[in-house]
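Trainee: Before we start, here is the structure in question, set down as structure tokens.
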Amino acid sequence: MQVITIADAVAANGNSDLILPVSYSGHPEAIVQVEITGTATVQILGRIDGDFSFVEVVAASSVDALQPISYFPELRATVSGWSSGTVTVKVLVGDSARA
């Protein structure tokens, strides 16, 4: 297991992208945790590779969240509605997805 940070203490609106090197074995999954202090909304997006647009993986939320997801090699945390505090987004990947 490995915890990988997408966005660490983001304090503004915008996107934080993460490309995860991957070694597939079966159907890999991951867990995304979002921590919001203050006021902000966070949406988690994923895509298979740079040839495709990002799609919603975790719906936008303005509260802390923990969500299991299918593993995507590319993830994006989009922060909007930020007015104070910070946003931290981390991903827990198993042995089948190595970064």
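Trainee: As a footprinting exposure proxy, order S62, S70, S53 by other Cβ within 10 Å, with the fewest listed first.
Mentor: Neighbour counts put them in this order, fewest first: S53, S70, S62.
Trainee: Ok, one more. What does the chain give for Rg and for Dmax, in Å, if only its C-alpha atoms count?
Mentor: Just the Cα atoms of the chain yield Rg and Dmax of 13.0, 41 Å.
Trainee: Moving on to the next point. What residue among D51, D17, D64 has the largest mean-square fluctuation in a Gaussian network model of the chain, using Cα springs under 10 Å?
Mentor: For the chain, modelled as a Gaussian network with Cα springs under 10 Å, the answer is D51.
Trainee: Oh, and also: Which value, in debye to the nearest 20, describes the size of the charge dipole of segment 2-93 about its Cα centre when Lys and Arg Cβ atoms bear +1, Asp and Glu Cβ atoms bear -1, and nothing else is charged? Walk me through the numbers on the way to the answer.
Mentor: On the way: 3 positive and 9 negative charges, 20 e Å.
Computed charge dipole of segment 2-93: roughly 100 debye.
Trainee: What is the local net charge at E35, summed over the other residues whose Cβ is closer than 13 Å to its Cβ (Lys, Arg +1; Asp, Glu -1)? Please report the intermediate quantities before stating the final value.
Mentor: Numbers: positive: K90; negative: D8, D64.
Cβ neighbours under 13 Å give a net charge of -1.
Throughout, read-outs are computed from the coordinates displayed, never taken from laboratory work. In this text, all values refer to a predicted model and were calculated from it rather than measured experimentally. Every residue, glycine as well, gets a Cβ built from its backbone with ideal geometry; the counts of neighbours run over all protein chains shown.
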